[in-house]
Protein chains: 2
Amino acid sequence: MEYSEAKERYIEAWGSLGSSWGVNRTMAQIHALLMIATEPLSTEEIMEDLKISRGNANMNIRALLDWGLAKKVLKLGERKEYFVTDKDPMVLAAQVAKERKKRELDPIIRLLDEVSSVKGESKEVQEFKKVTTDLKGFAKQADSVINTFIQSNSNWFFKILGKITR
Amino acid sequence: MEYSEAKERYIEAWGSLGSSWGVNRTMAQIHALLMIATEPLSTEEIMEDLKISRGNANMNIRALLDWGLAKKVLKLGERKEYFVTDKDPMVLAAQVAKERKKRELDPIIRLLDEVSSVKGESKEVQEFKKVTTDLKGFAKQADSVINTFIQSNSNWFFKILGKITR
DNA sequence: CATAACTTTCAAATATTATTGAAAATAAAA
DNA sequence: TTTTATTTTCAATAATATTTGAAAGTTATG
């Protein structure tokens with residue numbers, strides 16, 4: 001396969017995968033581009049490569065910075081901003097896990113805490129309490145696993161899992 | 001908190017969480033409703049409760065069946081179809097993991113396999129190969145963890161993790 | 001200070017996705 | 001077979017999300 005075709009397919013696939021890990025298509029495509037870049041990219045280069053507008057590029061680069069999935073680097077004597085991403089998949093996964101936990105898991109745990117304290121004794125209320133309490137317990141377990149995962153900065157997680165799941 | 005309020009908030013939250021695990025809002029809301037139901041629900045009851053159209057209800061119930069997140073039950077002597085869901089969060093998680101693996105992880109592994117075999121020796125191609133190969137390795141590790149998780153049908157996963165992450 | 005280089009904003013336009021509702025299809029019962 | 005209950009389909013519509021592009025904002029430099 002030719003490089004240009006491979007690159008195009010990879011960027012497109014990464015883009016549509018974006019929604020899986022909670023980011024929009026362009027954001028994921030910019031990330032994909034940064035992953036395979038051999039040096040920091042400017043907004044201009046990103047715009048050109050993905051054929052997107054300046055506003056769009058800017059917005060989504062900011063979003064990546066916000067997610068901790070890209071960082072700004074400055075080139076000596078240049079005014080323009082350049083961007084890079086960490087290329088280690090493990091670091092990427094940990095960062096995504098961290099942000100999604102913050103945006104999704106934490107709020108749902110708070111909500112389940114509130115609603116599971118509902119008052120009443122009817123069959124419906126009893127079932128509701130049971131279900132929401134079970135979900136909360138599960139969410140908290142997941143939370144603590146993710147926390148440990150985030151804290152770690154190497155492959156220990158998969159190494160140990162590898163042994164367990166063999 | 002009153003039951004009606006708790007129920008409403010829980011369903012709404014579950015609905016907006018839906019996009020997190022890759023399903024649309026209505027589908028997640030129907031699932032939420034089935035989770036707290038004390039008996040099987042018919043399409044009619046779901047429509048009424050969520051105030052959605054028949055077409056919408058039908059489409060999303062089919063989607064839940066397709067994901068393995070709901071199943072049809074028949075009441076003796078009744079023509080209508082009723083639906084239930086498994087209420088164990090662990091079973092839910094395993095089912096979602098299974099479907100998402102099929103829909104997202106498997107295709108991306110196949111793609112990475114193809115594109116990482118790109119021809120060429122330039123700096124760009126070398127970097128591209130390295131990144132896509134690393135991603136593929138990571139994806140395969142994730143895949144094997146998920147496979148083991150899917151196979152299991154109890155809490156062993158969290159029990160062991162609990163010990164590791166303490 | 002004035003100009004130029006660059007970044008950010010945001011209203012309008014586009015594109016994408018979800019929902020409705022009524023008609024068509026299906027299948028049990030009369 | 002005909003009627004009736006129920007489910008499915010799908011074109012039209014509505015709702016949501018994304019993208020554009022030009023103007024406004026910011027900051028470095030002469």
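The values are calculated or read from the model by the stated rules, or taken from the named source; none is laboratory data. These numbers come from a predicted model, not from an experiment. Because the Cβ atoms are built from the backbone with ideal geometry, glycine has one as well, and the counts that use them run over all protein chains shown. Calculation scope for accessible area: heavy atoms of the full protein, side chains included, ligands and nucleic acids excluded. Shrake-Rupley method; radii C 1.70, N 1.55, O 1.52, S 1.80 Å.
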Can you list, shortest first and in nm, the gaps between the label point of A:Arg110 and those of its counterparts in the other copies, using a point 7 Å from Cα in the C-beta direction? 4.1
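Counting other C-beta atoms within 10 Å, and keeping those with at most 11, which DSSP coil GluC sites (Glu not before Pro) do you find in the range B:1-105?
Filter output for the range B:1-105: B:Glu2, B:Glu78.
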With +1 at each Lys and Arg Cβ and -1 at each Asp and Glu Cβ, the charge dipole magnitude of the protein assembly as shown around its Cα centre, to the nearest 20 debye, comes out at 780 debye
Between the helical axis of B:89-100 and the dominant principal axis of chain B, each derived from Cα atoms, what acute angle in degrees is found, rounded to the nearest 10? 50 degrees
Please give, to one decimal in nm, the separation of the simple spin-label points placed at B:Ser20 and A:Gln95, each 7 Å out from Cα toward the Cβ. 2.1 nm
Please give the net charge around A:Met1, taking every other residue with its beta carbon less than 15 angstrom from that of A:Met1, where Lys and Arg add +1 and Asp and Glu add -1. -2
Would any residue of the range B:61-104 have its amide N under 20 Å from a label point 7 Å out along Cα→Cβ of B:Thr43? List them or say none. B:61-85
Beyond 22 Å between alpha-carbons counts as too far, so tell me which of A:Lys119/B:Lys7; A:Lys101/A:Lys130; A:Lys129/B:Lys87; A:Lys87/B:Lys123 fall in that bin. A:Lys101/A:Lys130
Going by Cα centres, the range B:74-110 and the range B:22-70 are how many Å apart? 12 Å
Output field shielding_mean for A:27-39 (other chain Cβ, 10 Å radius) holds 2
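Note the buried accessible area between A and B here, summed over both chains, with a 1.4 Å probe, in Å² to the nearest 100.
4700 Å²
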In nm, what does the list of distances from B:Asn58 to its counterparts in the other copies look like, shortest first, when each label sits 7 Å along Cα to Cβ? 4.8
List every residue whose amide H lies under 5 Å from the amide H of B:Ser42, counting only residues 5 or more places away in sequence or on a different chain, with H placed 1.01 Å from N in the peptide plane. B:Phe83
Could you state how much accessible area B:Met27 has, in square angstrom rounded to the nearest 10, with a 1.4 Å probe and all protein chains kept in place? 10 Å²
Cβ-vector label at 7 Å, A:Ser4, separations to other copies in nm: 6.5
Probe 1.4 Å, all protein chains present, accessible-area order of B:Phe128, B:Phe158, largest first: B:Phe158, B:Phe128
What whole-number value in cubic angstrom gives the convex hull volume per residue for the C-alpha atoms of the range B:22-166? 168 Å³
Report, please, the projected area of the range A:3-84 averaged over directions, based on the convex hull of its C-alpha atoms, in nm². 5.3 nm²
To test your reading of the geometry: what angle, between 0 and 90 degrees and rounded to tens, separates the Cα axis of helix A:54-67 from the longest principal axis of chain A? 50 degrees
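Residues with beta-carbon under 13 Å from that of B:Lys101, excluding B:Lys101: net charge, scoring Lys, Arg +1 and Asp, Glu -1?
Numbers: positive: B:Lys98, B:Arg100, B:Lys102, B:Arg103, B:Arg110, B:Lys140; negative: B:Glu99, B:Glu104, B:Asp106, B:Asp143.
With Lys, Arg at +1 and Asp, Glu at -1, the net is +2.
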With every protein chain present, what is the per residue accessible area of chain B (1.4 Å probe, Å²)? 53 Å²
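With a Förster radius of 25 Å, plug the Cβ-Cβ distance of A:Ser53 and B:Lys130 into 1/(1 + (r/R0)^6) and report the FRET value to the nearest 0.05. Display every interim value, and only then the final one.
Values: r = 31 Å, r/R0 = 1.24.
So, using R0 = 25 Å, E works out to roughly 0.20.
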Quick one: pull the percent of accessible area on the range A:89-165 belonging to carbon and sulfur, 1.4 Å probe, ligands and nucleic acids left out. 55 percent
Over all residues in B:129-135, what is the mean tally of Cβ atoms on other chains that come within 10 Å of each residue's Cβ? 4
Whole-Hz ³J(HN,Hα) for each residue in the range B:8-14, computed from phi via Karplus 6.51 cos²θ - 1.76 cosθ + 1.60 with θ = phi - 60°, x for glycine and proline: what do you get? 4, 5, 5, 5, 5, 5, 4
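Treat every Asp and Glu Cβ in the range A:3-84 as -1 and every Lys and Arg Cβ as +1, leave all other atoms uncharged, and give the resulting dipole magnitude about the Cα centre to the nearest 20 debye. List each step's numbers first, then the result.
On the way: 11 positive and 11 negative charges, 51 e Å.
Using Cβ point charges on Lys, Arg, Asp and Glu, the range A:3-84 gives about 240 debye.
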Any idea what angle helix B:156-165 forms with the longest principal axis of chain B, computed on alpha-carbon atoms, 0 to 90 degrees, nearest 10? 60 degrees
Please give the charge dipole size of the range B:52-166, origin at the Cα centre, charges +1 on K and R Cβ atoms and -1 on D and E Cβ atoms. Round to the nearest 20 debye. 480 debye
Tell me, what ³J(HN,Hα) does each residue in the range B:30-40 have, in order and in whole Hz, if you take phi through Karplus 6.51 cos²θ - 1.76 cosθ + 1.60 with θ = phi - 60° and put x for Gly and Pro? 4, 4, 4, 5, 5, 4, 9, 6, 8, 8, x
